[in-house]
Each structure stands twice: as C-alpha cells, then as structure tokens.
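Q: Please find one structure pasted underneath; my questions will follow.
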Amino acid sequence: MLLRLAYLTVTNAFAMLRLLPMSDRDKDAEILALRHQITVLERQLGGEKVRFAPSDRAFLAALLHRMPVEVLRGVRLLVRSDTVLRWHRDLVARRHAARSRPKRSGRPRILRSIRALVLRLAQENPSWGYRRIHGELLVRGIKVAAFTVWEILNEAGIDPAPERASSTWSDFLRADALLACDFLETVTLSGARLYVFAVIEHISRRIRILGATAHPTAAWATQAAKNLVMDLEDAECRARFLIRDRDGKFPGLFDTVLKDAGIEVVLSGVRMPRMKSIMERWVQTCRSHRPHQGIANARPLHPLPAPITDPEQITRLDIRKHERLGGILHEYQHAA
C-alpha cells in the first residue's frame with residue numbers, strides 16, 4: 001500500500017506541474033470534461049459501486065481534506081462527500097494509533113540490577129521469603145511489586161516461604177489501639193536470671209521495655225504498669241485493650257492501674273499462645289537473634305523512604321552488607 005501511495009503521489013505531482021502553464025479557461029474545460037466522463041462511467045456501472053483500493057482512499061482523503069464541507073459536497077465525485085470525510089477520519093485514527101502503540105508489548109522488563117540484588121538477598125538469607133525480600137527493597141528505596149520478587153525467585157528455582165493463613169482472632173490482633181505484654185526470661189553472662197517486662201503495640205509493632213528484675217514482685221509489676229501508662233500518655237498513644245496471659249507475676253493491682261487509665265485487660269486462654277501471637281513472635285525473635293520488623297517491613301517510628309526515581313541510580317545499585325552479632329544478622333545499606 002505504501003508503495004502504491006507513493007506512486008500516486010509522484011504521478012499526481014507531475015500532473016500538477018502540467019497544470020501550471022494552463023490558463024483558467026483551459027482548466028475549466030478540462031474540469032467539465034472530467035465531470036462528463038464521471039457521468040458516463042456512473043451510467044455504465046448502473047447500480048454497482050466503484051471499488052477503491054486503500055491507497056486510492058488515502059490519496060483522495062489527503063487531497064480533499066482541506067476543502068470546506070460545503071465546497072466538498074458540490075464536487076463531482078464517484079463517492080459521496082461524507083465517504084471522503086470518513087476516509088480522512090480513518091486515516092488520522094490509524095496514524096494516531098501507530099504513534100501511540102508501545103514499542104514493547106507487555107510489562108516492562110525487570111532491571112538486571114534489581115534481579116541480581118533479589119537473588120543475592122535470597123542466597124545470603126535462606127530463611128527469607130519473597131515478602132521479606134520485598135520489604136527489604138522498599139526500605140532501601142527500591143520500589144518493585146511483591147509479585148515481581150516472587151517471579152524472580154520462581155524463575156531461579158527458589159521456593160518462597162509460605163504465607164501464613166489468617167483467622168478471626170488474627171483479625172482482632174491487628175486492631176488499632178491494641179497492646180500485648182509478657183515477661184521474657186533471660187540469663188546474663190554471669191548466670192543470673194532476669195525477667196524483662198515488654199509491651200508491643202499491634203498497630204506499629206513498637207516495643208516498650210519497661211524494666212528488668214531478678215525478682216518480679218507485685219509492687220514491681222504495679223510500678224511497671226504505672227510506667228506504661230505514663231509512657232503512653234507522653235507518646236499520645238490511646239490504647240483500649242492490653243492482652244496478657246495468666247502468669248502469677250501479674251497482681252490484681254496491675255489490672256486496676258490500667259483500668260483507671262481506660263485500658264481494658266484481656267486475659268488469654270489457658271495454653272493458648274496464639275491469642276497473643278504477636279508478642280510471642282517477638283519473644284521468639286529475641287531468642288533466635290532475628291531482627292525485629294515493623295508493619296510493611298518498616299522500622300517502628302521510622303516511615304519507609306521515598307522510592308528511587310533516578311534511572312541511573314536504580315540501574316547501578318550498590319547495596320553493601322553489614323554483619324551484626326558475628327554474622328547472625330545482616331543489614332543492608334546504600335553505598336556512600
């Protein structure tokens with residue numbers, strides 16, 4: 001079609017040059033002769049329509065589109081003027097569609113630097129699933145979808161960690177203004193046993209260490225409750241519920257102090273650690289020397305950084321690993 005259209009353009013350009021030396025009288029005579037030939041052609045065709053090739057349609061549409069509609073309706077053509085206008089609209093639409101067509105179909109390709117970083121994190125941290133790796137990328141300012149991380153691991157033959165199924169009680173644990181507390185037993189280097197009283201906020205995963213003692217008496221636990229109330233007031237945190245187990249270290253005055261502050265104490269069931277699973281998870285994190293992660297893998301009280309928008313910086317990622325506790329923990333930072 002393009003070759004045919006180019007041929008028509010060249011031949012008609014020479015025809016236009018031939019018209020330049022002609023006088024207006026000669027041009028009018030030729031126009032009348034052409035109109036008469038069209039009349040004869042239509043009479044011979046009868047009720048049949050003239051078939052135009054795509055190149056003929058494109059040429060007529062380009063040649064006549066500048067004419068006003070009123071003038072175009074008076075021109076003697078083998079087709080109606082509305083047909084020529086429709087040809088021109090189709091020509092413009094196809095041209096716009098060709099310019100708007102994306103150069104590459106489908107989703108954009110994953111940068112090699114991001115793919116290499118995801119595989120590196122998975123290799124250096126065998127216990128990390130794709131969501132944990134995705135959170136680490138967000139903390140570093142690398143904005144990718146979690147499914148993209150899953151695809152990279154899947155293509156490399158690395159199975160992601162299974163997602164935990166939620167339940168009705170888990171939905172309650174994720175409620176706003178909800179706290180959980182527990183005593184964590186630890187042994188110092190000298191062999192002394194200490195009891196650490198900690199409280200976690202479900203909405204932000206913020207941990208509050210309210211003290212450690214070798215003898216958790218009733219007076220000490222009551223004072224810890226008062227310290228918790230004052231700490232929450234200073235932070236303008238409005239808590240409604242606090243989940244605790246039925247440990248004998250909690251005296252009755254402990255619940256009274258919290259009740260006076262507007263915090264209702266919810267007792268967990270007997271041998272039902274799932275009722276305060278978030279607190280139990282943090283205790284296990286401490287015992288296994290794992291890093292504590294907040295909601296969406298952000299550090300508590302520290303929001304995620306802005307995504308990296310510089311194409312050159314995202315293409316040339318330089319993430320350095322810093323080992324903590326003799327290599328037990330891995331922290332990642334952008335190179336300075």
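The values are calculated or read from the model by the stated rules, or taken from the named source; none is laboratory data. Keep in mind it's a predicted model, so treat the numbers as computed, not measured. Virtual Cβ from ideal backbone geometry, glycine too; neighbours counted across all protein chains shown. For accessibility, only protein heavy atoms count, side chains too; no ligands or nucleic acids. Shrake-Rupley method; radii C 1.70, N 1.55, O 1.52, S 1.80 Å.
Q: Could you put I142, I207 in order of accessible surface area, largest first, with the 1.4 Å probe and the full protein assembly present?
A: I207, I142
Q: Here's something else I'd like to know. Pull out a ≥ b ≥ c, the square roots of the eigenvalues of the alpha-carbon gyration tensor of the stretch 201-272, then state rounded if a/c is under 1.5, prolate if not and a/b is larger than b/c, and oblate in the remaining case. List each step's numbers first, then the result.
A: Numbers: a/c = 1.45, a/b = 1.18, b/c = 1.23.
The shape class here is rounded.
Q: Would you mind calculating the gained length between L267 and V40 on full extension (0.36 nm times residue separation, minus the Cα-Cα distance), in nm to one decimal? Kindly include the intermediate steps, with their values, before the conclusion.
A: Numbers: separation 227, 0.36 × 227 = 81.72 nm, distance 10.10 nm.
So the extension gain works out to 71.6 nm.
Q: If I take R0 = 25 Å and measure r between the Cβ atoms of I209 and R238 in this structure, what FRET efficiency does the formula 1/(1 + (r/R0)^6) give, to the nearest 0.05? Numbers along the way, then the final one.
A: Details: r = 21 Å, r/R0 = 0.84.
Taking R0 as 25 Å, the efficiency between I209 and R238 is 0.75.
Q: Can I ask one more? Grab the Cα-Cα distance for V92 and S127, subtract it from 0.36 nm times how many residues apart they are, and report the gain in nm with one decimal. Can you show the working numbers first?
A: On the way: separation 35, 0.36 × 35 = 12.60 nm, distance 5.68 nm.
That pair, V92 and S127, stretches by 6.9 nm at full extension.
Q: Rank these residues by their accessible area, most exposed first, probe 1.4 Å: C237, C181.
A: Values: C237 40, C181 0 Å².
From most exposed to least exposed: C237, C181.
Q: Can you tell me the FRET efficiency between E331 and K49 if r is taken as the Cβ-Cβ distance and R0 is 56 Å, rounded to the nearest 0.05? Mind dumping the intermediate values first?
A: Values: r = 77 Å, r/R0 = 1.37.
After rounding to 0.05, the efficiency reads 0.15.
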